[in-house]
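Here the structure comes first, spelled out in structure tokens, and everything after it is commentary.
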Amino acid sequence: MPASKSLFFFLALAAATAASAHNITDILKDFPEYSDYSNYLQQTRLADEINSRQTITILVVSNGALSSVVAKHPLSVIKNFLSLHIVLDYYDPAKLHKISNGTTLSTTLYQTTGHAPGNLGFVNITDLQGGKVAFGSAAPGSKLDSSYTKSVKQIPYNISVIEISAPIIAPGILTAPAPSASDVNITALLEKAGCKTFASLLVSNGVIKTYESAVEKGLTIFAPNDEAFKADGVPDLSKLTNAEVVSLLLYHALAAYSPIGALKTTKDPIDTLATSGAGKFDITTTTAGDAVTLHTGVGSSRIADTVLDATPLAIFSVDSLLLPSELFGKSPSPAPAPEPVSSPTLTPSLAPSPSPSAKAPSPLAASPPAPPSEAPEGSTANAPSAEAQTSTPGSSAVHVKASAVVVVAAVATTMLSSLLLS
């Protein structure tokens with residue numbers, strides 16, 4: 001590809017990448033009427049989830065409309081309520097007025113949480129007569145109590161932010177019991193999720209108390225499942241000191257609420273409960289689609305499942321033990337592959353080339369000598385000398401090649417003499 005075309009291609013790719021990136025907090029900061037909405041998106045970490053998705057529509061409401069709904073509700077309930085206003089499709093004003101059959105049920109982020117039975121995680125969008133577009137819960141019997149007010153911001157086919165007149169309330173979404181962080185039985189949740197070995201270690205080493213005391217300010221736990229402790233290469237924990245075991249267990253938790261959306265968008269190393277002046281004890285994350293992988297410097301582990309996501313506590317099961325480099329060293333470099341063992345080359349046995357002082361017998365006694373001419377390429381005159389054949393490694397191969405050339409030259413001389421005599 002010509003350099004000019006390559007440059008154009010990469011510039012276009014960079015522009016496309018930049019165009020697809022979005023940050024809901026940056027978008028809403030220019031609109032003070034949605035400041036409360038934006039603050040709750042950040043507190044619940046829904047902003048991270050929004051930023052990690054490529055096709056999404058945010059249904060915002062003004063501060064006044066929002067305050068009457070979220071008052072006196074814990075963050076876990078507010079998160080579910082706001083998730084119902086995050087549509088996993090792109091709707092700009094033009095598309096709202098071109099809905100097939102005039103009505104559609106669209107999936108929201110609330111539907112992906114697993115907390116929405118039936119159709120509670122969907123919103124009903126209906127194009128009414130007179131150009132009015134109405135919104136409401138998709139639950140049977142729900143009213144279309146909200147309507148499209150105005151467009152706020154669009155990045156075509158990536159993110160659309162539109163204002164609606166009133167919040168969408170799904171049946172029971174505000175009255176569902178929300179467990180307090182202090183009421184959550186972490187050990188029971190881990191055992192039920194198939195992480196009994198990890199739960200037992202937390203209790204026997206007293207680390208569960210550290211976890212419980214950190215919940216109120218935000219806590220994220222990465223719990224290895226029972227199979228992770230049986231995998232090949234897992235170190236013998238009985239050989240660690242008590243302090244090392246405690247550090248290892250603390251390394252499996254973050255002192256912050258970090259749901260999956262936040263982990264997807266995190267680029268910098270993340271501190272763990274084990275992080276201190278004595279060592280970094282941090283982790284990094286990579287994302288492939290919806291899959292998130294944790295990296296320790298020694299190995300990696302995939303987040304297998306969400307055990308609990310209830311602000312301010314998130315618990316995930318992971319498929320490998322997280323091994324910090326501070327305890328187990330850096331990831332070993334792979335051993336170099338052994339050099340391939342080649343079979344010995346069999347050198348064909350050839351008759352030794354005639355000595356320069358010896359005269360080869362004439363093939364025909366009456367044949368006259370060949371007429372003088374320049375030695376043809378490949379003749380004995382151009383063949384390497386005996387010293388050249390033995391001066392370098394691999395001289396056996398050179399000797400074979402030179403001997404073969406001598407034989408061919410002799411045959412050629414015989415045939416030429418025969419032709420001249422005939």
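Can you return the aspartates and glutamates within cross-link range of K132? Criterion is Cα-Cα under 18 Å, with same-chain partners fewer than 8 residues away left out. By straight Cα distance, K132 reaches D92, D145, E163.
Computed with a 1.4 Å probe over protein heavy atoms only, the accessible area of F122 comes to about 50 Å². Shape annotation for region 24-164: C-alpha extents along the principal axes are 38, 33, 28 Å, from largest to smallest. Overall, the accessible surface of region 24-164 at a probe of 1.4 angstrom is composed of carbon and sulfur to the extent of 49 percent. Its residue count N fixes a reference of 2.2 N^0.38 Å for region 176-312, and the Cα radius of gyration divided by that reference is 1.03. Charge tally around I56: other residues with Cβ under 10 Å, Lys/Arg +1 each, Asp/Glu -1 each, net -1.
What you get for region 186-318, charging only the Cβ of Lys and Arg (+1) and of Asp and Glu (-1), is a dipole of about 80 debye around the Cα centre. The slack in the chain from I99 to L308, taken as 0.36 nm per residue of separation less the alpha-carbon distance, amounts to 71.6 nm.
For region 161-246, the alpha carbon convex hull comes to 186 Å³ per residue, rounded to a whole number.
With a Förster radius of 30 Å applied to the C-beta separation of S165 and D290, the computed FRET efficiency comes to 0.35. The protection proxy used here, the mean number of other Cβ atoms lying within 10 Å of each residue, ranks peptides 259-267, 219-227, 153-161 as follows, highest first: 219-227, 259-267, 153-161.
Each Lys or Arg adds one and each Asp or Glu subtracts one; over the other residues with Cβ under 12 Å from the Cβ of S258, this totals -2. Of the cross-linked pairs K196/K267; K29/K150; K79/K209, those separated by over 22 Å at the C-alpha level are K196/K267; K79/K209. Near S200, once Lys and Arg are set to +1 and Asp and Glu to -1 for all other residues with Cβ below 11 Å from its Cβ, the sum equals -1.
Gain in length, D232 to D145, computed as 0.36 nm per residue apart minus the alpha-carbon separation, to one decimal in nm?
Full-extension gain reported as 25.6 nm.
Computed with a 1.4 Å probe over protein heavy atoms only, the accessible surface of region 186-318 comes to 45 Å² per residue.
Paramagnetic label reach from L88 (point 7 Å along Cα→Cβ; backbone nitrogen cut-off under 19 Å): within region 278-313, residues 287-293, 303-310. At the residue level, H295 shows approximately 50 square angstrom of accessible surface with a 1.4 angstrom probe and all protein chains present. Taking amide H as placed 1.01 Å from N in the peptide plane, A253 has its amide H under 5 Å from the amide H of F222, L273, A274, each at least 5 places away in sequence or on another chain. Put Y257, Y40 in order of accessible area, highest first, and with a 1.4 Å probe you get Y40, Y257.
The values are calculated or read from the model by the stated rules, or taken from the named source; none is laboratory data. For clarity, every value in this text was computed on a predicted model and none was experimentally measured. Cβ sites come from the backbone with ideal geometry, for glycine too, and all protein chains shown count toward neighbours. Please note that ligands, DNA and RNA were not included when accessible areas were found on the heavy atoms of the full protein model with its side chains. Shrake-Rupley method; radii C 1.70, N 1.55, O 1.52, S 1.80 Å.
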